[in-house]
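Note sheet for the following structure.
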Amino acid sequence: MATGFFTDTTLCIGCKACEVACKQWNQLPADGYAFSGNSYDNTMALGGTTWRHVAFVEQPAPLDAPPSESKWLMVSDVCKHCTHAGCLEACPTGAIVRNEFDSVYVQPDVCNGCGYCVPSCPFGVIDMIEHADYTRPSFPSDGRTDDDALQRHGGVAGKCTLCYDRQKVGFTPACAKACPTDSIEFGEVEELKARARTRVATLRARGVDARLYGIDEDNSIGDLNAFFLLTDRPATYNLPERPVLPSTHQPAAYGSAALAALALGAIGCLVFRASAP
Amino acid sequence: MPGLGTSFGRGGATTFVQDLQNADCILIEGSNFAECHPVAFRFVMKAKERGATVIHVDPRFTRTSAVADLYAPIRSGSDIVFLGALVNWVLTNERYFRDYVVAYTNASSLVREDFADTEDLDGIFSGWQAGETQAYDTATWAFELEEVPRFDGNGTVKVVKRDPTLQHPRCVLNVLRRHFARYTPEMVERVCGTSRDTFERICTLLADNSGRERTTAFAYAVGWTQHTVGVQYIRTAAILQMLLGNIGRPGGGIMALRGHADIQGATDIATLYDLLPGYLPMPSVHRDEQTLAAYLKANTKATGWWSNTPKYMVSLLKAFYGEAARAENDFAYEYLPQLTGDHSTLPTQVAMRDGLVRGFFVIGQNPMGSGMNNELGRAALAKLEWMVNVDSYETDTAAFWKAEGVDPSTVGTECFFIPTAALLEKNGTMTNTNRMLQWHDKALEPAGESKSDLWLIYDLGKRLRALYADSDDPKDRALLDLTWDYEHDDARERRRGEPSALKVLQEINGYRVEPGKHQDACEQVGGFTELAADGTTASGGWIYSGVCPDKTTNKARNRKADDWTSLGWGYSWPSNRRILYNRASADPAGKPWSERKKYVWWDAQTQTWTGVDVPDFPLGKAPDAAAKPGADGLDAHSGADPFIMQLDGRAQIFVAAGLKDGPLPTHYEPVESVVPNVLYAQQHNPTLREWRRRDNPLNGAVNPDFPYVLTTYRLTEHSGIMTRYVPWLAELQPALFVEIDPELAVAKNIRNGEWMTVRTAIGEIEGRALVSGRMRPLRLGRGQRVHQVGVPYNFGASGLIPGDSVGDLVPLVMEPNVSIQESKTMTCDVRPGRRAARTGSAINAAVPPADRAFEGQPTTRGLERKE
Amino acid sequence: MSDALDLRALSPDAANRGASSGDDTFPTYYEQPLLKRPHWGWEVVTYLFVGGIAGGSGMLIALADRTAGEDAALARNARYLSLALAAASPVILIKHLGRPERFHHMLRVVKFKSPMSMGVWGLIAFSAASSRAALAQAARDGLVPGWLAFLGPRWFTNPAQALVGAFLAGYTGVLISATAIPLWAKGKRHIPAASVCSGFGAACAANAALLALRNEASDSQRKLERVELVAGLAELAILLDFRRSAGALGAPMFDGARGRKLTNATLLGGIVLPALLNVLPFHPRWKTIATSALTLFGGYALRESFIEAGKTSADDPRAAFRQPE
Ligand SMILES: Nc1nc2c(c(=O)[nH]1)N[C@H]1C(S)=C(S)[C@@H](COP(=O)(O)OP(=O)(O)OC[C@H]3O[C@@H](n4cnc5c(=O)[nH]c(N)nc54)[C@H](O)[C@@H]3O)O[C@H]1N2
Ligand SMILES: Nc1nc2c(c(=O)[nH]1)N[C@H]1C(S)=C(S)[C@@H](COP(=O)(O)OP(=O)(O)OC[C@H]3O[C@@H](n4cnc5c(=O)[nH]c(N)nc54)[C@H](O)[C@@H]3O)O[C@H]1N2
Ligand code: SF4
Ligand code: SF4
Ligand code: SF4
Ligand code: SF4
Ligand code: SF4
Ligand SMILES: [Mo]
């Protein structure tokens, strides 16, 4: 059964409970204490050790406009668990697999840190987890072994697991569980899609410029198991307007390489000829 | 919460958060609901999904505003004008719910002829006593009485005179009309800076979403309370909700969002200095309360629920003193301490500074992080002989002796730190904002040597009692006669010295006293209706009575939820009711006002009240039961009087007794304000209290040195020291910041993300500038431009992400009814760059001679009239 | 100040503005990157370079063996060189891994969709062919017992080395092109081809230099120079066309300091200058060595440009919003 997330940004209150719940459940370290000055976002992006990230987009109304026209958009971003996942296709070790929940899962004990998945994700999600002395985590341990921490935290790629461990025992993913307003809905993907389509219709009827992101789109990625309802263009939320599956570039790329090799081979054959006997 | 208490009868939210989902409109004002109460906000979002309109009125555009359908900016400190104008609009457009208003409020009661309104006296009510007293004589804030025959025919009795046609010029509704007549949309523009358009849209929305078929809910929190007129803010909202007919009905009500996880419990079972458990007043030497009889006489009402005071008080004394509380000795009433003055936090802090306090227990509080006038505060702590901090972290308070600029060698205070078990490491209950007790089980053993707070108090009590065991001094009986036996039944816990929290809760619930029998062996009472005034019952807090109706039942543990009232989940006082005054959800005849808003109704067949909640009314009292003039308690009310706690069974638009600053809300400017009061000659609340001393300087009114409005508030990401030590939270908001609008930033050359300094007369703090168009400069009418500056209050010197505490900016001033500080509206100046280093000089400075202060007690501001 | 003042213009979040603006002027998220930077450093640059020479050398062997012994010295050198480089490659590659001890996890799967997996197997195949070829060569050269020559029959190793070598020179270009990095994806028709040309050119240069250093087979050196000239000019043409077609997406590679470095080190220093030197009618040893050094350096600089410009390209959110198809 494919499970995933429908993240409805119109319900998000930017509380970041999802971000914290994810870090806590997965025992991921804090990424530092830098003040960004960018609205209420200080973690700024998804990363190897930030698997949920809440973005804040300020669109204040001009002073001569009614104050209610001000907008502050929030979205809780996450790995999209793509139907056609760039990271998975790229991974040379088979560390990234599609599991029984149809999620794209990085097996931390298989990944060897080649880093190829990182530029292969069209959404900029997956990233390397830096080496650090995780034998002494910067947070109170929940009793997991140091081995486990190291296993997870040194030099491998990291991203949302769609809480594979929780799903296996029938739990809702930590982020969805923590979301107070059900902005993150977890469930069976087809069911979520149906719900999302109805929701868009409802919102449109109320005059909200709602649109779905990640399903019912015609692109090489296919539907996303974690998809979104947005009220502005995707770029506003730092999402690609038109993501492209990297492997679609391969035919042209292999072709151009082959062409060049053939041409050079031919030239070479012309040059390397036995001198006239 | 006397704002709600005087209006409706009980000082708590009139509804519960899950019911907000049934509202057709929700006005959030004075709270950053989504950020500070995110879990409860779920139900606001549910309402919104169901089509409700959500309105947020706040000086700042917050995460709540972001999801609201309508946002209105407001100048901090001006809500009474905003709400008063709403009242005025509803009245002038005749949009009030007339049937409800006539039947369920005191709108028809006639006010005494000699009452004079603020309209008559330019900002004060009749009864102001100048000179020594500096307070209102509230005698004229009363109703005209008429004599009617007693119900039993034995002579006559005086009752309030009413005019149900609402024609009489002195009926409350017409007094109210006159009172708010000048609170117009233009005035809102001029005082609040909210545009007329926005304001009128809100008026229409509220009116359209109130009445028989629809209901509007209000939600507020400390954005309304932390003002020198805070109680009156809530009163204005209460009046508006009465007029719109939204109290006691599903999707209506006033949701007072309580703060800390157990703050409701802390007021219920009374950490407030002037309350005993269950909102019984603490005896005072200044009132005629020196004997139990006198106390009961003063605090028992002839009619309404408070006619039961003797039952609750005597049961409380029995719970406190057990066998030693006997009818002959006034149930040991004299053991109770009596108030000599205002012993709330701020006066105690000042008294400490003046060397009048020797020792200080700080349990679960961090005054140097959350308090006011930190400079004075640190000096106060340095004057102590000893201080005990009971906390899970070394708080800013515990570490005050090594704060920036303080030379530890100059601090004589002996400091003790006792590590305490955290929430998950102990059993007990918490009472949430729904007035709901929920039991929590210990999930972990306490870290290290930490023990629960209950252990601390219990063990301290045991040790003190041992020390005084041989004393025959009568005054020590108060200690020695306490019932002090809550030994844990679990052997392991007993070995650790941990008392049984359940036994404490059982004692609060109450039991039937059996002479010679230990309370553990006595039978529990089933609820407060079983309590008696003759010493045969004991109850440590009558309002919770019913939570443990027998020794094996603990309703706080109940965990059966549905998607609405969830009567099977936890236990809400009183009697597990979720919506208070829910009799008002039915019309006077006992039928629901509408099918859509059905909640509690009279079932003629069974002759009882029934519905989806526990009816807040005598179950068998028919709607057509007539009032019995002169009868006791609820019998004096008719079957159509839903507000059973009140003398007349009705919601009080005009509050005759219980408030110090007026029977009706009036707009006064905050102590620190950037504008004069344009409505009255009186600038501030004349009854507000303050300390005029050199170490508590005020910016004062319209001070050009402090041209900007300053407000303080919370962030979702933080609570205080607890969150500043959690890396996952610390990284989300890693620095104290100051929110300012771009215009101000440009004018002051302050750049986003860089350091800036905020200054008041009290002191200065530094933070990172967060320049945002969400902060809107306001134009007051066609006049002055007002910039508002916002600073989160969750920071302090300790933790992973140290930052300045706003307590270094906030002066000590107090609201007259509840002694709350004015930390929501102040004035300030801002500049780019960092602040000067602190010197800590105040600690060793001589105590500044108090101008008028006595034992740290504040003085009343009094009248100051503009020419 | 007037009430009509547009707060958005003053706000530091002005970047977020303008959902309505035209298609190519995107609102960005505080100028934050959308994509993640590749974490590759000098190891990967070196491997792309070394792998190119190894692969190019593999191609050269087959060419050299076409001439009935005229270019035997070249074939011999190239066999040894391709083995040496093929042997060095995994070391460099393993070094760059986040978890080097798990390098062998690459061998768990064969994945046609993953150029990196293909590359690993290609490298293994190439190493196998190269070691057999080199062993046979060593047998022929009398360095090991002569009968070992049967392990590496030329009818097998030559086409194997040529084909897999061509793959090795080219797949690195495919590997980076088949990513989401806008510059790389945009270059999918150019980067692989340029990689092949550059690898082949560098192999010519390396082998020419080896011959020159040992002062042998000057005819072979001339042939190599000619082929190198063609490969260089092809590379130049491809890169210039890449620059043209990439437009703004090419900026990280072709503009600014990195653009100047590419122009100087690769286009001028690594292609044009060697080409000029190559066409000069006289052929002193030093010239061959200098030309080769320039070509090799240009080749390394090209790979470095690819990788570093890719990182910059990843940082540009506007480039990533509408990804090259
Ligand atoms: N995350 C988190 N949640 C908390 C807490 C915490 O520390 N962190 N604390 C808890 C506690 S103790 C409490 S008391 C509650 C408080 O809950 P709230 O009262 O909701 O919280 P505040 O942020 O203090 O203030 C609310 C809002 O009042 C606005 N305000 C300021 N002045 C005025 C005014 O004059 N009029 C109006 N209408 N609004 C004004 C502020 O801009 C702010 O947005 O939160 C509780 N919840
Ligand atoms: N300027 C400004 N000042 C304000 C406010 C404002 O809005 N603006 N808000 C005011 C309000 S509403 C409030 S409620 C106060 C809050 O003021 P405080 O209560 O002082 O605030 P906290 O920082 O929450 O402190 C609670 C302390 O209790 C400790 N603690 C937690 N659990 C336990 C426990 O089980 N046992 C014990 N013993 N300790 C425990 C924590 O570690 C922490 O140190 O601040 C007030 N001050
Ligand atoms: S979003 Fe990126 S990391 Fe997630 S599955 Fe898709 S390609 Fe992989
Ligand atoms: S870094 Fe790990 S997960 Fe990513 S491609 Fe390499 S082996 Fe696979
Ligand atoms: S599903 Fe689990 S791993 Fe993924 S973001 Fe949510 S909490 Fe984190
Ligand atoms: S928990 Fe839910 S509401 Fe809160 S930030 Fe995450 S998605 Fe938004
Ligand atoms: S911290 Fe606790 S009380 Fe506050 S919103 Fe979360 S769950 Fe509720
Ligand atoms: Mo609070």
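The values are calculated or read from the model by the stated rules, or taken from the named source; none is laboratory data. All values derive from a computational prediction rather than experimental measurement. Cβ: placed from backbone, ideal geometry, glycine included. Neighbour counts: every protein chain shown.
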Residues in the stretch A:12-33: is at least one within 16 Å of ligand 3 (Cβ to nearest atom) and either β-branched (Val, Ile, Thr) or modelled with pLDDT of 95 or more (or both)? yes
**Prompt:** What about A:PHE272, is it buried (at least 19 other Cβ atoms within 10 Å of the Cβ), at negative phi and either more than 7 Å from chain C (Cβ to nearest Cβ) or modelled with pLDDT of 95 or more (or both)?
**Reply:** no
The one condition B:ALA107 fails out of (1) of a type in the set (A, V, I, L, M, F, W, C); (2) more than 14 Å from every other protein chain (Cβ to nearest Cβ); (3) surrounded by fewer than 21 Cβ atoms within 10 Å (Cβ to Cβ); (4) touching a strand residue (DSSP E or B) at 6+ places or on another chain (Cβ under 8 Å) is (3)
Contact list, first residue from the stretch A:62-91 and more than 21 Å from A:THR49 (Cα to Cα), second anywhere and in a loop (DSSP other than H, G, I, E, B) and among the aromatic types (Phe, Trp, Tyr), beta-carbon distance below 9 Å, six or more apart or interchain, is A:PRO67/B:PHE61; A:SER70/B:PHE61; A:TRP72/A:TYR40; A:TRP72/B:PHE61
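Yes or no, residue by residue, for (1) assigned to a helix (DSSP H, G or I); (2) at negative phi:
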site: A:LEU162; (1), (2): no, no
site: A:ARG166; (1), (2): yes, yes
site: A:THR181; (1), (2): no, yes
site: A:LEU192; (1), (2): yes, yes
site: A:ALA201; (1), (2): yes, yes
site: A:ARG204; (1), (2): yes, yes
site: A:ILE215; (1), (2): no, yes
site: A:ASP232; (1), (2): no, yes
site: A:THR236; (1), (2): yes, yes
Of the listed residues (B:THR723, B:THR716), the one being in a helix (DSSP H, G or I), within 14 Å of chain A (Cβ to nearest Cβ) and within 14 Å of ligand 1 (Cβ to nearest atom) is B:THR723
Subset of the stretch C:128-150, residues within 28 Å of C:ARG108 (Cβ to Cβ) and surrounded by fewer than 20 Cβ atoms within 10 Å (Cβ to Cβ), comes to C:ALA128, C:SER131
Open item on the list: For the structure I just gave you, tell me whether B:ARG353 is in contact (Cβ under 8 Å) with a residue 60 or more places away in the chain and more than 23 Å from the chain's Cα centre (by Cα).
Closed with: yes
Of those in the stretch A:35-55 that are farther than 20 Å from C:LEU35 by Cβ and crowded, with 20+ Cβ neighbours inside 10 Å, the residue farthest from ligand 5 (Cβ to nearest atom) is A:GLY37
Reported set for the stretch B:555-599 where residues are under 19 Å from B:ASN432 (Cα atoms), part of a loop (DSSP other than H, G, I, E, B) and of a type in the set (D, E, K, R) is B:LYS560, B:ASP562, B:ASP563, B:ARG577, B:ARG578
Residue hits (the stretch B:563-597; modelled with pLDDT of 95 or more and among the charged types (D, E, K, R)) are B:ARG577, B:ARG578, B:ARG583, B:ASP587, B:LYS591, B:GLU595, B:ARG596, B:LYS597
In the stretch B:755-785, residues that are surrounded by fewer than 22 Cβ atoms within 10 Å (Cβ to Cβ) and in contact with a Lys or Arg (Cβ under 7 Å, 6 or more places away or on another chain) total 8
Scanning the stretch B:800-842 for residues that are in a loop (DSSP other than H, G, I, E, B) and near ligand 2 (Cβ under 10 Å from one of its atoms), the one nearest to B:GLY720 (Cα to Cα) turns out to be B:SER805
Per the filter on the stretch C:283-325, residues within 19 Å of C:ASN207 (Cα to Cα) and without any contact (Cβ under 8 Å) to a residue 12 or more places away in the chain are C:PRO284, C:TRP286, C:LYS287
If we ask which residues in the stretch A:244-256 are without any contact (Cβ under 8 Å) to a residue 60 or more places away in the chain and within 7 Å of another protein chain (Cβ to nearest Cβ), their number turns out to be 6
TODO: Report yes if B:ASP274 is surrounded by 22 or more Cβ atoms within 10 Å (Cβ to Cβ), modelled with pLDDT under 95 and more than 16 Å from ligand 7 (Cβ to nearest atom), otherwise no.
DONE: no
Conditions (1) in contact with a strand residue (DSSP E or B) (Cβ under 7 Å, 6 or more places away or on another chain); (2) away from ligand 6 (no atom under 16 Å from the Cβ) -> B:ARG95 fails only (1)
All conditions in (1) facing chain C (nearest Cβ under 7 Å); (2) crowded, with 17+ Cβ neighbours inside 10 Å; (3) part of a helix (DSSP H, G or I) are true of A:LEU259 except (2)
Note to self: Quick check on B:PHE737: is it away from ligand 5 (no atom under 16 Å from the Cβ) and more than 14 Å from every other protein chain (Cβ to nearest Cβ)?
What the structure shows: no
Taking the stretch A:5-45 and keeping only residues that are of a type in the set (Val, Ile, Thr), away from ligand 1 (no atom under 16 Å from the Cβ) and assigned to a helix (DSSP H, G or I), one is left with A:THR9, A:THR10
The residue that is farthest from the other protein chains (Cβ to nearest Cβ), considering only those in the stretch B:76-93 that are over 22 Å from the mean Cα position of the chain (by Cα) and over 30 Å from A:ARG206 (Cα atoms), is B:LEU91
